[in-house]
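The values are calculated or read from the model by the stated rules, or taken from the named source; none is laboratory data. Everything quoted here is computed from the prediction, not taken from an experiment. Cβ coordinates were reconstructed from backbone atoms using ideal geometry, including for glycine residues, and neighbour counts include every protein chain displayed. These area figures cover heavy atoms from the full protein model, side chains too; ligands, DNA and RNA do not enter into them. Shrake-Rupley method; radii C 1.70, N 1.55, O 1.52, S 1.80 Å.
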Amino acid sequence: MKRTPIQIFAFIGALLLISLAFITLIVAIFFKDNPQLLAACIAAMIGVPILLWLVLYVADKVREAKGK
């Protein structure tokens, strides 16, 4: 079965989100003395899905424009 680039990008994004969640957990447990690092991890967990959605949305719009 052939995968579209959007499906591949979504799969990579999902793997990235899972790894960010794991990294945030590790940072919260082992780096208690560095709250800036934890804040950066939490910000990344919020920002990455937004950026992922924007990229997939634009890719879908470009694909629709090519089809017309």
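Odds and ends about this structure:
- Every listed requirement among (1) part of a helix (DSSP H, G or I); (2) open to solvent by 50 Å² or more (accessible area, probe 1.4 Å) is met by R3 save one, (1).
- Residues located in the stretch 28-52, provided they are open to solvent by less than 90 Å² (accessible area, probe 1.4 Å), more than 19 Å from F9 (Cβ to Cβ), in a helix (DSSP H, G or I) and not small (G, A, S): I29, P35, L37, L38, C41, I42
- Cβ-Cβ under 7 Å pairs, at least 6 apart or on other chains, the stretch 18-37 side free of Cβ contacts under 8 Å to residues at least 12 places away in the same chain, far side outside any helix (DSSP H, G or I): L37/F31
- Yes/no for I18 being out of contact with any Pro (no Cβ under 9 Å at 6 or more places or on another chain), open to solvent by 70 Å² or more (accessible area, probe 1.4 Å) and more than 17 Å from Y57 (Cβ to Cβ): yes
- Of the criteria (1) free of Cβ contacts under 8 Å to residues at least 40 places away in the same chain; (2) open to solvent by less than 60 Å² (accessible area, probe 1.4 Å); (3) charged (D, E, K, R), which one D60 fails: (1)
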